[in-house]
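Participant: This is the structure I have questions about; it appears just below.
The values are calculated or read from the model by the stated rules, or taken from the named source; none is laboratory data. Keep in mind the model is a prediction, meaning the values are calculated, not measured. Heads up, the Cβs are rebuilt from the backbone with ideal geometry, glycines too, and the neighbour counts pull from every protein chain shown.
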Amino acid sequence: MLSYRPGTTPAHGLDPRAKLGFQAGFAVAALAASSAGWLLGTYALAGLVLASARLSPIRVARDYRVVLAVLAFAPVLAGFVPGPPWFDAGPATRSALAVARVPPVLAVSAAYVRTTPVRDTRAAVQWLVPGRVGQLLGVGVSLVFRFFPLLVADLRTVRAAIHARGGQRRSVLVRGRLLAVRGLDRTLARSDRLALALRARCFAWNPTLPALSFRRRDYPVAAAGVALACAPLVRPVVGTFIPVG
Amino acid sequence: MSQEHESVDLVGDDAVEYFAKAVLIAALTAGLAQVSIQLPGSLPPFSLQPFGAFFAGLLLGPVWGGLALAVYLLAGIAGAPVFSSGNAGLGYVLVGQGTGGFLVGFLVGAVVAGGIVHRGVTPRPLDEVGVPIQVAGLLAALVAIYAVGVPWMSSVLGLELGRAASIMAPYVPFDLLKLAIAVGIVQGGYLVRE
């Protein structure tokens, strides 16, 4: 799966706040796509973003293959009619157009994940959500990175133990309960130890974070994010003055 | 302590306790998204992920439970492979395979369940809360999850609302089963810790 890799690409050099803003703006613009030209524009822009992160589109498609497979299935579901002729092209086309808006958004967020260290995202979250809530969200994100592999391992251990005792012959209710209880038990034990460890280390409201600084090259990216977010509002006005097609 | 170290503003003991629980429940939600029970035949795998939202609401109340799910979503946006099939990124939450609304729904559901069960910001011991209130809280959470998730799915995948609802309808009995398991776990005293 995609994760952060250190590097020197143009995307690596940007401030995380500019990149987050661009991502959000891009998503708004991509989801507002209603014409083929607009759609092609978002694909072209996503291609530029991937190039700036030196990330291959094939790599991104491979990492999102499950998502893309589900997306490809949506038009089939939309067009299905119970009874002859079994398929209606109208809803299927509408769904295919809707689904086509998705891959560029995924590509842009893949570029973000590849080029932004977690500490930077944490600092950006704390800048975005000021005060104590932001502090807790920021620390929480880093702690989830730390504990997520441990809890997955815990749950897999529990599931292996259930299987080793012939548990797959029990009902789903019993298996679900066993997995949830043992998983929760280990979770709460870990949270007790974490709380103790945080207190022992004087967990404070005012820790030291990496200093974020907006440089000259960050402004155009942030501005592009705002412009993209506003683009769907401007389009009808443009359409009225410039006759298209 | 804080009077002795003017520059360090320590987090209160209760807050540390709730915060640690919220973080671990966020990690548990992430873990449950990766582990499912295979069902016989062509039935969809029995996902345990809603337990994350249920337990966040039941054990932590609306504020800390909401924080737990918010931390889960943010960790995914920051790049941890915490969504199902190891997916990550803001794009997956916003559009993904159309199921991002359910992720946001979990956050809303945890807040709703926490609000109904605990009736305040501070979580109260669950043995002071009757079973009907717990069930009502979790049912409201389920309604919230589907109320956010289904229209979201319909708009991303370009399906009619009715079609999207009928795709998700087979999951409802499973979710009710999960609700029963969650309440059973709480009532069975499995969570009593020394």
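Participant: Return the only residue of A:S52, A:S35 being assigned by TED's automatic domain parsing to the domain that holds A:V105, more than 19 Å from B:V156 (Cβ to Cβ) and surrounded by fewer than 22 Cβ atoms within 10 Å (Cβ to Cβ).
Facilitator: Residue meeting the stated conditions: A:S52.
Participant: Moving on to the next point. Answer with yes or no whether B:S155 is within 8 Å of another protein chain (Cβ to nearest Cβ), more than 30 Å from A:P6 (Cα to Cα), among the hydroxyl-bearing types (S, T, Y) and surrounded by 15 or more Cβ atoms within 10 Å (Cβ to Cβ).
Facilitator: Taking the combined requirement at face value, the residue satisfies it.
Participant: Inspect region B:57-65 for any residue being within 19 Å of A:S109 (Cβ to Cβ), out of contact with any strand residue (DSSP E or B) (no Cβ under 9 Å at 6 or more places or on another chain) and either within 10 Å of chain A (Cβ to nearest Cβ) or at pLDDT below 90 (or both) and give the result as yes or no.
Facilitator: no
Participant: When B:L177 is evaluated against the numbered criteria (1) at pLDDT 90 or above; (2) within 22 Å of A:A180 (Cβ to Cβ), which criterion, by number, is the only one it fails?
Facilitator: (1)
Participant: Restricting the first residue to region A:216-230 and requiring it to be surrounded by 20 or more Cβ atoms within 10 Å (Cβ to Cβ), which pairs with a second residue that is among the charged types (D, E, K, R) meet a Cβ separation below 9 Å and a spacing of at least six or different chains?
Facilitator: A:D218/A:D15; A:D218/A:R17; A:D218/A:K19; A:V221/A:D15; A:V221/A:K19; A:G225/A:K19
Participant: Can you report the number of residues in region A:92-107 which are over 16 Å from the mean Cα position of the chain (by Cα) and facing another protein chain (nearest Cβ under 7 Å)?
Facilitator: The qualifying residues number 5.
Participant: How about region A:142-171: which of its residues are under 21 Å from B:A33 (Cβ atoms), of a type in the set (K, R) and more than 7 Å from every other protein chain (Cβ to nearest Cβ)?
Facilitator: Within region A:142-171, just A:R146 meets the criteria.
Participant: If we scan region B:145-160, do we find a residue that is modelled with pLDDT of 85 or more and under 25 Å from B:L126 (Cβ atoms)?
Facilitator: Yes, that holds for at least one residue.
This table checks each residue for (1) at pLDDT 90 or above; (2) farther than 22 Å from B:A70 by Cα; (3) within 22 Å of the chain's Cα centre (by Cα); (4) of a type outside the set (D, E, K, R).
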residue: A:H163; (1), (2), (3), (4): no, yes, no, yes
residue: A:G166; (1), (2), (3), (4): no, yes, no, yes
residue: A:V172; (1), (2), (3), (4): no, yes, no, yes
residue: A:A197; (1), (2), (3), (4): yes, yes, no, yes
residue: A:C202; (1), (2), (3), (4): no, yes, no, yes
residue: A:N206; (1), (2), (3), (4): no, no, no, yes
residue: A:L209; (1), (2), (3), (4): no, no, no, yes
residue: A:S213; (1), (2), (3), (4): no, yes, no, yes
residue: A:L233; (1), (2), (3), (4): no, yes, no, yes
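Participant: Have a look at B:G52, B:G86, B:G100, B:G79 and point out the one that is at positive phi and touching a residue at least 40 places away in the same chain (Cβ under 8 Å).
Facilitator: B:G86
Participant: Still on this model: Report yes if some residue within region A:189-197 is touching a residue at least 24 places away in the same chain (Cβ under 8 Å), within 20 Å of B:Y18 (Cα to Cα) and either surrounded by 12 or more Cβ atoms within 10 Å (Cβ to Cβ) or assigned by TED's automatic domain parsing to the domain that holds A:G25 (or both); otherwise report no.
Facilitator: yes
Participant: Being assigned to a helix (DSSP H, G or I) and more than 19 Å from the chain's Cα centre (by Cα) is true for just one of A:G25, A:G41, A:G21, A:G47. Which residue is that?
Facilitator: A:G41
Participant: Only one residue in A:A74, A:A30 is over 17 Å from the mean Cα position of the chain (by Cα) and within 11 Å of another protein chain (Cβ to nearest Cβ), so which one is that?
Facilitator: Going through A:A74, A:A30 in turn, just one is over 17 Å from the mean Cα position of the chain (by Cα) and within 11 Å of another protein chain (Cβ to nearest Cβ): A:A74.
Participant: Something else: Determine if region A:153-172 includes at least one residue that is surrounded by fewer than 20 Cβ atoms within 10 Å (Cβ to Cβ) and touching a strand residue (DSSP E or B) at 6+ places or on another chain (Cβ under 6 Å).
Facilitator: Yes, that holds for at least one residue.
Participant: Can I ask one more? Among what's in region B:98-145 and is out of contact with any His (no Cβ under 7 Å at 6 or more places or on another chain) and of a type in the set (D, E, K, R), pick the residue that is surrounded by the most Cβ atoms within 10 Å (Cβ to Cβ).
Facilitator: Applying the filter and picking the extreme gives B:R119.
Participant: Does A:G138 satisfy the condition of being in contact (Cβ under 8 Å) with a residue 12 or more places away in the chain and more than 7 Å from every other protein chain (Cβ to nearest Cβ)?
Facilitator: Taking the combined requirement at face value, the residue satisfies it.
Participant: Just to be sure before I move on: is A:R62 without any contact (Cβ under 8 Å) to a residue 12 or more places away in the chain, surrounded by fewer than 18 Cβ atoms within 10 Å (Cβ to Cβ) and more than 30 Å from A:V234 (Cα to Cα) in the structure I sent?
Facilitator: Against the criterion (without any contact (Cβ under 8 Å) to a residue 12 or more places away in the chain, surrounded by fewer than 18 Cβ atoms within 10 Å (Cβ to Cβ) and more than 30 Å from A:V234 (Cα to Cα)), A:R62 qualifies.
Participant: Moving to a separate point now. Being of a type in the set (S, T, N, Q) and within 14 Å of chain B (Cβ to nearest Cβ) is the filter; apply it to region A:1-27 and report the residue that is surrounded by the fewest Cβ atoms within 10 Å (Cβ to Cβ).
Facilitator: Per the stated criteria, the residue is A:S3.
Participant: Can you confirm whether A:V129 is touching a Gly at 6+ places or on another chain (Cβ under 9 Å), under 30 Å from B:A22 (Cβ atoms) and more than 9 Å from chain B (Cβ to nearest Cβ)?
Facilitator: It is true that A:V129 is touching a Gly at 6+ places or on another chain (Cβ under 9 Å), under 30 Å from B:A22 (Cβ atoms) and more than 9 Å from chain B (Cβ to nearest Cβ).
Participant: Across region A:127-142, what is the number of residues that are surrounded by fewer than 20 Cβ atoms within 10 Å (Cβ to Cβ), of a type in the set (A, V, I, L, M) and farther than 22 Å from A:Y4 by Cβ?
Facilitator: 1
Participant: Sort through A:W86, A:W127 and tell me the only one that's among the aromatic types (F, W, Y) and in contact (Cβ under 8 Å) with a residue 60 or more places away in the chain.
Facilitator: From the options A:W86, A:W127, the qualifying one is A:W127.
Participant: Shifting gears a bit: Hey, B:G86 hits all of (1) at pLDDT 90 or above; (2) surrounded by fewer than 21 Cβ atoms within 10 Å (Cβ to Cβ); (3) closer than 16 Å to B:Y72 by Cβ but one; which does it fall short on?
Facilitator: For B:G86, the exception is condition (1).
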